[in-house]
């Protein structure tokens, strides 16, 4: 038997946040100016204008099934090209959820990798060298799309994000 993986997300105010399993493929979330996550259809109602940021997106890897250990999480943007004036910021080792912001997020502060990193950048059990040994979650993977006033008008390209991990 092997581990089963799917994305998991959290959104809303800290005291009344909402969680959801998002599945494994397709349009699972959008960068937008609404503190919501799982609705792929409503991003046109909450556009990010040039010079502004999206709300933070708070994801986790959710693992179920039979396995001995999940470890060595590596998160990266595996496809999609950023437009002029666009950056995607990221962090993969936040242990506590915080209410998303459209300000420059202190939680998503590094540029997201565009290929598989050489070492783990997603933590398990508060440690980049950590692991889980039964059904559970990675720590938070926090993302934010930031734009400058030079950003292009219109939709961004579709991005694919990948989380690889070692299972034994």
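Stretched out straight at 0.36 nm per residue, the stretch from residue 159 to residue 101 would grow longer than its current Cα-Cα span by 18.8 nm.
Label separation (residue 87 vs residue 115): 2.1 nm, computed from points 7 Å beyond Cα along the C-beta direction.
For the chain, a Gaussian network of Cα nodes joined below 10 Å ranks 123, 106, 34 by mean-square fluctuation, and the top entry is 106. With the simple model of a label 7 Å out from the Cα in the direction of the Cβ, residue 149 to residue 79 spans 3.6 nm. In percent, how large is the relative contact order of region 122-161, given Cα pairs closer than 8 Å and 6 or more residues apart? Worked out over region 122-161, it gives 29 percent. Between the alpha-carbon centres of region 57-125 and region 1-38 there is a gap of 13 Å. The mean sequence distance of close C-alpha pairs (under 8 Å, at least 6 residues apart), as a share of the length of the chain, puts its relative contact order at 31 percent. Residues 128, 59, ranked from the fewest to the most other C-beta atoms within 10 Å, line up as 128, 59.
R0 = 35 Å: FRET efficiency of residue 68 with residue 16, Cβ-based, nearest 0.05? Before the final figure, lay out each step's value.
On the way: r = 36 Å, r/R0 = 1.04.
After rounding to 0.05, the efficiency reads 0.45.
Values quoted throughout were computed directly from the atomic coordinates according to the rules given, and no laboratory measurement underlies them. Values in this document were obtained by computation on a predicted structure and should not be read as measured data. In this analysis, Cβ positions are derived from the backbone assuming ideal geometry, glycine residues included, and neighbour counts consider all displayed protein chains.
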